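For reference, the structure is listed below as structure tokens.
The values are calculated or read from the model by the stated rules, or taken from the named source; none is laboratory data. These numbers come from a predicted model, not from an experiment. No Cβ is skipped: glycine too gets one built from the backbone with ideal geometry, and neighbour counts run over all protein chains shown.
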Amino acid sequence: MILPGATVGVLGGGQLGRMFTLRARTMGYRVIVLDPDPASPAGAVADRQIQAPYDDERALAELARSCAAVTMEFENVPAVALEQLARSCLVRPPVHALRIAQDRIAEKRFLEERGFATAPFRPVRNTGEIEPAVAALRLPALLKTSRLGYDGKGQAAVATLDDATRAFERFGAVDCVLEERLTLECELSVVLGRGADGEVTAFPVAENRHQGGILETSVVPARVPESLARQATELAAAVALAMEYVGVLAVELFVAGGGRLFVNEMAPRPHNSGHYTLDACTVDQFEQQLRALCGLPLAPPRLLTPVAMINLLGDLWASGEPRWDEALRRPGVRLHLYGKTEARAGRKMGHLNCLAENADRALTTALETRDALRAHPR
């Protein structure tokens with residue numbers, strides 16, 4: 001076990017790295033962040049930041065030399081960087097899991113080969129594969145870039161062959177996946193921790209709503225039958241086992257076709273839909289990430305209160321600084337800001353966790369509070 005007093009490293013300096021760093025420092029660890037941005041949110045609260053590109057060999061060697069173990073806060077870190085680190089330092093999650101999760105084609109094939117249901121899909125790696133892919137699937141569909149897509153980026157709605165061709169060209173003819181658009185009943189996610197010994201501890205299932213491809217709200221407990229929530233948890237644990245995963249893993253799920261579960265995608269890290277754990281559970285997802293990284297026993301999560309998480313996007317700053325007093329005066333509302341210096345439309349600047357006596361009331365409070373934050377137009 002790697003105990004408090006040791007130094008751990010994080011590849012990536014965004015808000016997930018920031019929340020991990022704050023939790024690790026609270027628990028007595030030193031933290032070094034590697035990120036090219038001199039104003040990274042995680043670097044601002046870490047013991048030290050190495051400012052360098054993720055594939056800088058000298059910077060990676062320095063990080064490995066300085067840390068007992070290294071994790072990452074987002075899946076688009078170059079796998080070769082993790083391979084270099086792993087030669088001289090403990091790295092979790094494992095590199096093979098990252099390779100699966102950072103490529104949609106690899107991810108969907110992995111799931112399909114192991115019997116996990118996904119929306120029907122076809123890879124599109126060149127113009128010659130567009131027409132066969134469209135012919136094989138029911139339209140409408142979504143064309144998604146295989147790599148680097150998140151928060152609705154790298155996705156295009158496809159209703160015709162011409163739509164698919166134009167979207168593929170607009171994406172620069174990079175590898176893509178064409179995926180049937182399911183008629184969704186709801187969207188769920190499961191965040192879990194899995195230790196090196198195979199122990200799995202899952203957080204309560206979250207019910208999610210997206211706007212413009214970006215997560216808007218997560219409600220916990222999910223307002224679905226208990227049997228469906230149990231199936232979702234079991235499915236996510238089976239995915240982690242199949243990947244021989246170690247760390248915190250998020251599995252996003254679609255509910256469609258009369259209550260069937262389909263795996264949408266995986267995130268090999270803490271997840272936006274798990275931010276509710278910071279205020280509503282006995283242990284949060286970032287402590288669990290640290291525990292898995294350091295070989296500590298995982299803590300059994302327990303929900304203390306119903307909660308709704310709502311993202312605060314840069315759009316909220318359009319008319320000026322948000323009215324923070326509206327959040328701070330309301331019982332049960334917890335404000336989390338990420339320390340980002342520039343607010344842009346669609347950029348995640350923070351979130352609210354709203355605690356209430358039931359899930360419906362928590363969601364109402366979250367929506368009302370978010371809207372009340374808007375500054376009056378000048």
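So Ala327 clears everything in (1) surrounded by fewer than 22 Cβ atoms within 10 Å (Cβ to Cβ); (2) out of contact with any Leu (no Cβ under 6 Å at 6 or more places or on another chain) except one condition, right? Which one?
(2)
Residues are listed down the side, and each one gets a yes or a no for (1) buried (at least 20 other Cβ atoms within 10 Å of the Cβ); (2) over 23 Å from Gly295 (Cα atoms); (3) at pLDDT 95 or above; (4) not acidic (Asp, Glu):
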{"residue": "Pro4", "(1), (2), (3), (4)": "no, no, yes, yes"}
{"residue": "Val10", "(1), (2), (3), (4)": "yes, no, yes, yes"}
{"residue": "Leu22", "(1), (2), (3), (4)": "no, no, yes, yes"}
{"residue": "Gly28", "(1), (2), (3), (4)": "no, no, yes, yes"}
{"residue": "Val33", "(1), (2), (3), (4)": "yes, no, yes, yes"}
{"residue": "Cys67", "(1), (2), (3), (4)": "yes, no, yes, yes"}
{"residue": "Pro78", "(1), (2), (3), (4)": "no, yes, no, yes"}
{"residue": "Ala81", "(1), (2), (3), (4)": "yes, no, no, yes"}
{"residue": "Arg87", "(1), (2), (3), (4)": "no, no, no, yes"}
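If Glu131 meets every condition in (1) in contact (Cβ under 8 Å) with a residue 12 or more places away in the chain; (2) surrounded by 16 or more Cβ atoms within 10 Å (Cβ to Cβ); (3) assigned to a helix (DSSP H, G or I) apart from one, which number is that one?
The single condition Glu131 does not satisfy is (2).
Could you list, in sequence order, the residues of the stretch 46-78 that are out of contact with any strand residue (DSSP E or B) (no Cβ under 9 Å at 6 or more places or on another chain) and more than 19 Å from Leu16 (Cα to Cα)?
Asp55, Glu57, Arg58, Ala61, Arg65
Within the stretch 269-316, can you find the residues that are among the β-branched types (Val, Ile, Thr) and either within 14 Å of the chain's Cα centre (by Cα) or surrounded by 22 or more Cβ atoms within 10 Å (Cβ to Cβ) (or both)?
Thr277, Val307, Ile310, listed by residue number.
Only one residue in Ala299, Ala280, Ala345 is in contact with a Leu (Cβ under 9 Å, 6 or more places away or on another chain) and modelled with pLDDT of 95 or more, so which one is that?
Testing whether each residue is in contact with a Leu (Cβ under 9 Å, 6 or more places away or on another chain) and modelled with pLDDT of 95 or more leaves just Ala280.
For the stretch 134-168, give me each residue that is of a type in the set (Ser, Thr, Tyr) and either on the phi > 0 side of the Ramachandran plot or in a loop (DSSP other than H, G, I, E, B) (or both).
Result: Ser146, Tyr150, Thr160.
Determine whether the stretch 233-246 contains at least one residue that is more than 25 Å from Asn358 (Cβ to Cβ), hydroxyl-bearing (Ser, Thr, Tyr) and assigned to a loop (DSSP other than H, G, I, E, B). It would help to see each step written out before you state the result.
Going residue by residue through the stretch 233-246, those that are more than 25 Å from Asn358 (Cβ to Cβ) are 234-235, 237-246.
Filter once more, keeping what is hydroxyl-bearing (Ser, Thr, Tyr): 245.
Next, only the ones that are assigned to a loop (DSSP other than H, G, I, E, B) stay: 245.
Looking for residues that are more than 25 Å from Asn358 (Cβ to Cβ), hydroxyl-bearing (Ser, Thr, Tyr) and assigned to a loop (DSSP other than H, G, I, E, B), one finds at least one in the stretch 233-246, hence yes.
Can you report the number of residues in the stretch 110-122 which are surrounded by fewer than 19 Cβ atoms within 10 Å (Cβ to Cβ) and over 22 Å from Leu184 (Cα atoms)?
Count: 2.
Please state which of the following conditions Asp55 fails to meet, knowing it meets all the rest: (1) crowded, with 16+ Cβ neighbours inside 10 Å; (2) in contact with a helix residue (DSSP H, G or I) (Cβ under 6 Å, 6 or more places away or on another chain).
The number of the failed condition is (1).
All but one of (1) free of Cβ contacts under 8 Å to residues at least 40 places away in the same chain; (2) hydrophobic (A, V, I, L, M, F, W, C); (3) in contact with a strand residue (DSSP E or B) (Cβ under 7 Å, 6 or more places away or on another chain) hold for Val283; state the number of the condition that does not hold.
Status for Val283: all satisfied but (3).
Taking the residues in the stretch 1-15 that are of a type outside the set (A, V, I, L, M, F, W, C) and part of a loop (DSSP other than H, G, I, E, B) as candidates, determine which candidate is nearest to Leu298 (Cα to Cα). Show your work before the answer.
Keep residues of the stretch 1-15 that are of a type outside the set (A, V, I, L, M, F, W, C), which gives 4-5, 7, 9, 12-15.
With the extra rule that they be part of a loop (DSSP other than H, G, I, E, B), the set shrinks to 5, 12-14.
Values: Gly5: 19, Gly12: 23, Gly13: 24, Gly14: 24 Å.
Filtering the stretch 1-15 for residues that are of a type outside the set (A, V, I, L, M, F, W, C) and part of a loop (DSSP other than H, G, I, E, B), the one nearest to Leu298 (Cα to Cα) comes out as Gly5.
Restricting to strands (runs of 3 or more DSSP E) lying wholly in the stretch 175-227: which have 1 or more residues that are in contact (Cβ under 8 Å) with a residue 12 or more places away in the chain and more than 23 Å from Gln155 (Cα to Cα)? Let's see the steps before the verdict.
Numbers: elements: 176-180, 184-194, 200-202, 206-211, 214-220.
Counting at least 1 such residues, we get 184-194, 200-202, 206-211, 214-220.
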